[in-house]
1. Please count how many residues of segment 247-278 are within 16 Å of the ligand (Cβ to nearest atom) and more than 19 Å from CYS188 (Cβ to Cβ).
2. Within the group ALA201, ALA171, ALA144, which residue is in a helix (DSSP H, G or I), closer than 17 Å to ARG108 by Cα and not charged (D, E, K, R)?
3. Looking at LYS30, LYS38 in this structure, which one is part of a loop (DSSP other than H, G, I, E, B), touching a residue at least 24 places away in the same chain (Cβ under 8 Å) and out of contact with any Gly (no Cβ under 7 Å at 6 or more places or on another chain)?
4. Among the acidic types (Asp, Glu) and either within 16 Å of the ligand (Cβ to nearest atom) or in contact with a strand residue (DSSP E or B) (Cβ under 6 Å, 6 or more places away or on another chain) (or both), is that true of GLU149?
5. One residue is enough: does segment 165-180 have a residue meeting the conditions more than 17 Å from the chain's Cα centre (by Cα) and surrounded by fewer than 20 Cβ atoms within 10 Å (Cβ to Cβ)?
6. Which one of the conditions (1) in the same structural domain as ALA124 (by TED's automatic domain parsing); (2) surrounded by fewer than 16 Cβ atoms within 10 Å (Cβ to Cβ); (3) more than 18 Å from the chain's Cα centre (by Cα) does THR15 fail to meet, given that it meets all the rest?
7. Counting only residues that are more than 25 Å from THR138 (Cα to Cα) and either free of Cβ contacts under 8 Å to residues at least 12 places away in the same chain or in a loop (DSSP other than H, G, I, E, B) (or both), how many does segment 244-270 have?
8. Could you list, in sequence order, all residues of segment 104-134 that are part of a helix (DSSP H, G or I) and within 16 Å of the ligand (Cβ to nearest atom)?
Amino acid sequence: MQLSTRHLLGIKDLTAADISLILQTAEQFKEVLQRPVKKVPSLRDIVVVNLFFENSTRTRISFELAEKRLSADTVNFTASASSVSKGETLLDTVNNILSMKVDMVVMRHSASGAPHFLAKHIPAAIINAGDGINEHPTQGLLDALSIKEKLGGLEGKKVAIIGDIMHSRVAQSNIYLLKKMGAEVTVCGPPTLIPRHISEAFGINVSYDLKETLQWCDVANVLRIQLERQNQVLFSSLREYNLAYGISRKLLDGLHKEIVIMHPGPINRGVELDSDVADSKQSIILQQVENGVAVRMAVLYLLANRNN
Ligand code: CP
């Protein structure tokens with residue numbers, strides 16, 4: 001079996017079979033990562049460049065680790081330390097890097113559609129590591145693997161995505177993936193942070209009532225308030241946001257059932273999620289990060305071994 005696509009630009013472009021193949025392959029790589037020798041030769045002689053035009057901790061480190069575990073040669077690029085700061089364009093930057101014989105490009109960019117633009121102009125396989133407010137496909141995949149491990153599957157599971165839906169590429173990738181895999185999705189947050197018509201566009205539920213949403217769901221995927229992407233005031237204050245939509249221990253205890261708590265990171269502690277919830281047994285936040293390495297190994301492996 002192989003992926004239906006030669007790039008990973010978004011979950012939107014994947015079939016349910018693609019998603020299952022990536023998750024099954026990631027499960028196999030998780031077994032490799034438990035061994036004393038965690039390295040396999042699958043990507044020997046493949047050169048991968050990690051192009052990060054926007055800050056990252058989890059995604060960047062886990063892509064680098066995944067590449068190293070697969071024995072790929074890796075090159076890291078940080079926009080602030082490059083000739084981009086002298087005015088070089090994205091296409092010139094990438095063409096110069098590709099002339100040094102690079103096979104795959106992992107790219108994070110603040111502009112939605114930047115990896116799609118590159119995929120039209122260069123021959124290397126492109127993996128989107130997060131583009132603006134569009135998609136973060138490997139986050140959607142690692143979230144799916146984490147839910148599958150915790151609840152035994154995705155089909156029929158009730159997943160709430162809570163918070164800043166408007167500016168979240170994580171929300172978009174999660175919604176595409178969960179719908180393709182048969183899960184039920186509710187997005188919940190203040191009306192100003194939920195796009196109009198999202199319910200009809202994606203076939204999901206919308207709720208402005210946090211307690212009702214938590215009572216409904218099996219899993220709450222709590223999103224970061226992305227102050228850096230908001231150019232207008234969309235809620236009155238962080239304090240008021242926390243009072244209306246922050247997940248607290250008291251709120252969870254009042255549900256009389258145990259739901260799974262997820263967060264893609266970085267967490268604004270005390271805003272969308274209280275520390276005693278983030279660090280509790282209900283939280284699988286660090287398992288999500290751990291699963292990121294295996295999922296990214298699976299994506300790199302499947303794209304590199306695809307027959308064109
Ligand atoms: N989840 C996520 O994308 O985190 P980073 O921004 O640290 O990569």
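1. Counting residues in segment 247-278 that are within 16 Å of the ligand (Cβ to nearest atom) and more than 19 Å from CYS188 (Cβ to Cβ) gives 3.
2. Values: ALA201 fails: closer than 17 Å to ARG108 by Cα; ALA144 fails: closer than 17 Å to ARG108 by Cα.
Of the residues listed, the single one that is in a helix (DSSP H, G or I), closer than 17 Å to ARG108 by Cα and not charged (D, E, K, R) is ALA171.
3. Numbers: LYS30 fails: part of a loop (DSSP other than H, G, I, E, B).
Testing whether each residue is part of a loop (DSSP other than H, G, I, E, B), touching a residue at least 24 places away in the same chain (Cβ under 8 Å) and out of contact with any Gly (no Cβ under 7 Å at 6 or more places or on another chain) leaves just LYS38.
4. Numbers: among the acidic types (Asp, Glu): yes; either within 16 Å of the ligand (Cβ to nearest atom) or in contact with a strand residue (DSSP E or B) (Cβ under 6 Å, 6 or more places away or on another chain) (or both): no.
Taking the combined requirement at face value, the residue does not satisfy it.
5. Start the filter on segment 165-180 by keeping residues that are more than 17 Å from the chain's Cα centre (by Cα), which leaves none.
Looking for residues that are more than 17 Å from the chain's Cα centre (by Cα) and surrounded by fewer than 20 Cβ atoms within 10 Å (Cβ to Cβ), one finds none in segment 165-180, hence no.
6. Checking THR15 against (1) in the same structural domain as ALA124 (by TED's automatic domain parsing); (2) surrounded by fewer than 16 Cβ atoms within 10 Å (Cβ to Cβ); (3) more than 18 Å from the chain's Cα centre (by Cα), the one that fails is (3).
7. Number of matching residues: 10.
8. As a first pass, look at segment 104-134 and keep what is part of a helix (DSSP H, G or I): 114-121.
Answer for segment 104-134, where residues must be part of a helix (DSSP H, G or I) and within 16 Å of the ligand (Cβ to nearest atom): ALA114, PRO115.
The values are calculated or read from the model by the stated rules, or taken from the named source; none is laboratory data. What you see is a predicted model; the values in this text were computed from it and never measured. Glycine gets a Cβ as well: all are built from the backbone with ideal geometry, and neighbour counts include every protein chain shown.
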